[in-house]
């Protein structure tokens, strides 16, 4: 008899159908040589301080700090103790020979299972179910390809290390700064640096002093096909803003009514390669930008599309790539998503059939899970609510776009001299929109290419000098904050650099949305339409921490912690080494400050 433990009842029942265990019992289903039971999220957590050590009970005091357990005690959550007792009893059955861990296929799922297994005192062999989609075919494939429990041991150690480090930082620093300040302050290794990002941005916006500036815009060329050009400053020809009105007016009057001479014409053809597939964070950012969904909303919707509707693969992934094994089945996935967008699916399928290589297919860039893609199950669009349709459409369109033709365009830059002043015109037109047909919102606006030659004289049909103001930095949104969290606060436009920084990001794709919601629920941050703005209370917390413990507000330091947790997963750092460094850091800081 094999016992399978899923993370939630709905998943357990789907697994039960796949293995033929469909007889319902209290807290589990059974049949065909299988028992399938479930957790209800975390059944076991790290115990509160008073259980770790009786001297830490009662009223908080500085003399209790630092609280550093030699070994962390666990406790069973009271509200779900009944289900824990069921799982423990099933694990102890003499007829059960093997335990299959079917909790969520990631670090948190590993933690949920291993805490229950440990608390139940179970010693039976563990196998690991690692499913990427919840269709019956997907589950059967995963069940036929179980991983050994040992292969996920390091993932479990990283999960324990992360939870225990969170406890040490949260319990000690929250009590320390609450007692020192007289106000309730909560501190967390991810929450606090994210709050720091928001506080710093809020201060930048508040302290920003706008400046007036002017540009000189000209309408040049043939009367039938004129083109717009803008003044740029010599010698670098990079700056177009003029911060002195008198100087702007002087340039305008100097050039007004005068013809120009074309100094140079630079033409080139360009290519915009298809994007990589979505990981969770990039999906959350796109859904926030396109539809205004919060990061948590998008995660919740994606989870429903994965578990309930079974039309997308595992969403809590940090990869934008597919393995060659998954790519070999890609036509099945394209056919499934064909219905609503037949022309897009057909265009992608034709290129796949040509045997071309694709940047999104790279075994080396897939760790636990591949990118989010539609499953081989056709969607029943009429059964999806509005949010589900919108998120599924984003995933499907990105899926098609990734395997479609590159977009190609022609561009030109024209420099025109008017009485010694330099004016720049730019043109761009698409020759083949390629993948942009699937994601038209990504296409830059076309500008007609000026039809002029070097040395030609061009007519001046009028000039203007609009007054503008410099703009303050934008408040973070879910989309931009997720990007900052992913790169540990370094806002990188370069996709390769951003990808490299992922190993030092704040939190994980699965936890980032919850961090934002926690800051809002604790009234450290407020939402104003799409904007995330630190409150006065949030600013106060960062002001206090910055003065005496700036490391805890540093995105870089927490990003390094996340890198070390991933090193534990890879076997490049041990759990004791990591925990010794955290214990030492917390002890040193508490003793210095208290």
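No value in this document is a laboratory result; all are computed from the given coordinates. Treat the numbers as computed from the prediction; the structure is a model and nothing was measured. Using ideal geometry, Cβ is built from the backbone for each residue, glycine included, and neighbour counts are taken over all protein chains shown.
According to the square roots a ≥ b ≥ c of the eigenvalues of the Cα gyration tensor, what is the shape class of segment 190-314, taking rounded for a/c under 1.5, prolate for a/b larger than b/c otherwise, and oblate for the remainder?
Oblate.
Can you tell me, using C-alpha contacts under 8 Å and at least 6 residues apart, the relative contact order of the chain as a whole percent?
Relative contact order of the chain: 17 percent.
Rounded to the nearest Å, what's the spacing between the alpha carbon centres of segment 1-59 and segment 419-478? Just the number, please.
The distance from the Cα centre of segment 1-59 to that of segment 419-478 comes to 59 Å.
Stretch residue 59-residue 23 to full length: gain in nm at 0.36 nm per residue minus the Cα-Cα span?
8.0 nm
Which order, highest average first, do 93-104, 570-581 follow once you tally other Cβ atoms within 10 Å for each residue and take the mean per peptide?
93-104, 570-581
Using the alpha-carbon atoms, what tilt in degrees (0 to 90, nearest 10) does helix 81-92 show relative to the longest principal axis of the chain?
Approximately 70 degrees, to the nearest 10.
How far apart, in nanometres, would the label points at residue 472 and residue 308 be if each is projected 7 angstrom from Cα along the Cα-to-Cβ direction?
According to this spin-label approximation, the distance is 4.0 nm.
Give, in nm to one decimal, the length gained when the segment between residue 178 and residue 459 is fully stretched (0.36 nm per residue of separation minus the Cα-Cα distance).
So the extension gain works out to 94.1 nm.
Please work out whether segment 394-482 counts as rounded, prolate or oblate from its C-alpha gyration tensor, where a ≥ b ≥ c are the square roots of the eigenvalues and a/c under 1.5 means rounded, while otherwise a/b larger than b/c means prolate and anything else oblate?
oblate
Based on the Cβ-Cβ distance from residue 80 to residue 203, what FRET efficiency comes out when R0 is 45 Å, to the nearest 0.05?
Computed FRET efficiency for residue 80 and residue 203: 0.55.
What angle do you read, to the nearest 10 degrees and between 0 and 90, between the alpha-carbon axis of helix 342-353 and the longest principal axis of the chain?
80
Determine, for 445, 468, the number of other Cβ atoms within 10 Å of each Cβ, and report the residues in order from fewest to most.
Starting with the residue having the fewest Cβ neighbours, the order is 445, 468.
Compare the peptides 109-117, 183-191, 356-364 by average per-residue count of other Cβ atoms within 10 angstrom and give them in order, highest first.
Taking the mean over residues of other Cβ atoms within 10 Å, the ranking is 109-117, 183-191, 356-364.
Measuring from label point to label point, each 7 Å out along Cα→Cβ, what is the residue 290 to residue 556 span in nm?
Here the answer is 3.6 nm between the modelled labels.
Say R0 is 41 Å: what FRET efficiency, to the nearest 0.05, do residue 264 and residue 367 get from their beta-carbon distance?
For R0 = 41 Å, the calculated efficiency reads 0.25.
When the convex hull of the C-alpha atoms of segment 272-318 is computed, what volume per residue in Å³ does it have?
83
What value in Å³ per residue do you get for the convex hull of the alpha-carbon atoms in segment 280-402?
In segment 280-402, the Cα convex hull volume per residue is 95 Å³.
Quick check: the angle from helix 191-207's long axis to the longest principal axis of the chain, C-alpha only, nearest 10 degrees?
With rounding to tens, the tilt is 30 degrees.
Which ordering of 587, 213 is given by a fewest-first count of other beta-carbon atoms within 10 Å?
In increasing order of surrounding Cβ atoms, one gets 587, 213.
Extending each Cα 7 Å along its Cβ direction at residue 8 and residue 236, get the distance between those two points in nm, one decimal.
Rounded to a tenth, the inter-label distance reads 5.2 nm.
Using per-residue counts of other Cβ atoms within 10 Å, averaged over each peptide, order 279-285, 550-556 from highest down.
Result, highest mean first: 279-285, 550-556.
For the chain, what class follows from the C-alpha gyration tensor (a ≥ b ≥ c being the square roots of its eigenvalues): rounded when a/c is under 1.5, otherwise prolate if a/b is larger than b/c, else oblate?
The shape class here is oblate.
Taking the Cβ-Cβ separation of residue 352 and residue 378 as r and a Förster radius of 22 Å, what is the calculated FRET efficiency to the nearest 0.05?
0.75
Only bridges whose two residues both fall in the chain count here: according to DSSP, what percent of them are antiparallel, nearest 5?
Antiparallel bridges: around 80 percent, rounded to the nearest 5.
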